[in-house]
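Here's the structure, in structure tokens; my notes come after.
The values are calculated or read from the model by the stated rules, or taken from the named source; none is laboratory data. Predicted, not measured: the structure shown is a model, and the values here were computed from it. Cβ sites come from the backbone with ideal geometry, for glycine too, and all protein chains shown count toward neighbours.
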Amino acid sequence: MSAPNDPVEILLAEDNPGDVMLTKKALEQGKLANNLHVTTDGVDALQFLRQEGEHEDAPRPDLVLLDLNMPRKDGEDVLEEMQADASLRRIPVVVLTSSESEEDIAKSYELNANAYLTKPVDFDGFVEIVNRMEDFWFQVVKLPED
């Protein structure tokens, strides 16, 4: 976790530019200072998490916001690899996706996602969900130190 006065480090793994923009704007209106890092596919997300290639200086995220439907490697594959890697499995992962499929929800939790949220269709809904997420993950929940 970041120190109490440091910005929260958030990795957003999302390939839809519109959803990236909505998430950025919602986080800007949120209560916590944050650094949002964006990857657009699952391979790049894992490289960021493992600090490989162009991401060798990437910070360890305090939270991962993960879309399920991404190119090269989907969100389920990312979850599976994170859980298999002892250095990554303790990073909280919130699946943030447009899918309302019971199968996707069940599979995400089977792969140890910490939460599953369906993307709101409007900006106000996005801001509300981000505010609640910030409150929960960074003010209510007690997470272990790295």
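Numerical summary
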| quantity | calculated |
| --- | --- |
| Enumeration of residues in the range 22-37 that are basic (Lys, Arg) and either assigned to a helix (DSSP H, G or I) or modelled with pLDDT of 95 or more (or both) | 24, 25 |
| All positions within the range 92-111 that are out of contact with any helix residue (DSSP H, G or I) (no Cβ under 7 Å at 6 or more places or on another chain), small (Gly, Ala, Ser) and more than 16 Å from residue 129 (Cβ to Cβ) | 101, 106 |
| Contacts under 6 angstrom Cβ, first residue in the range 9-21 being more than 13 Å from residue 75 (Cβ to Cβ) and modelled with pLDDT under 95, partner surrounded by 18 or more Cβ atoms within 10 Å (Cβ to Cβ) and among the β-branched types (Val, Ile, Thr), 6 or more apart | 20/38 |
| Cross-chain or 6+ apart pairs with Cβ under 7 Å, the range 33-61 first and of a type in the set (S, T, N, Q), then surrounded by fewer than 17 Cβ atoms within 10 Å (Cβ to Cβ) and in a loop (DSSP other than H, G, I, E, B) | 34/7; 35/7 |
| Test: residue 22 is surrounded by 15 or more Cβ atoms within 10 Å (Cβ to Cβ) and within 13 Å of the chain's Cα centre (by Cα) | no |
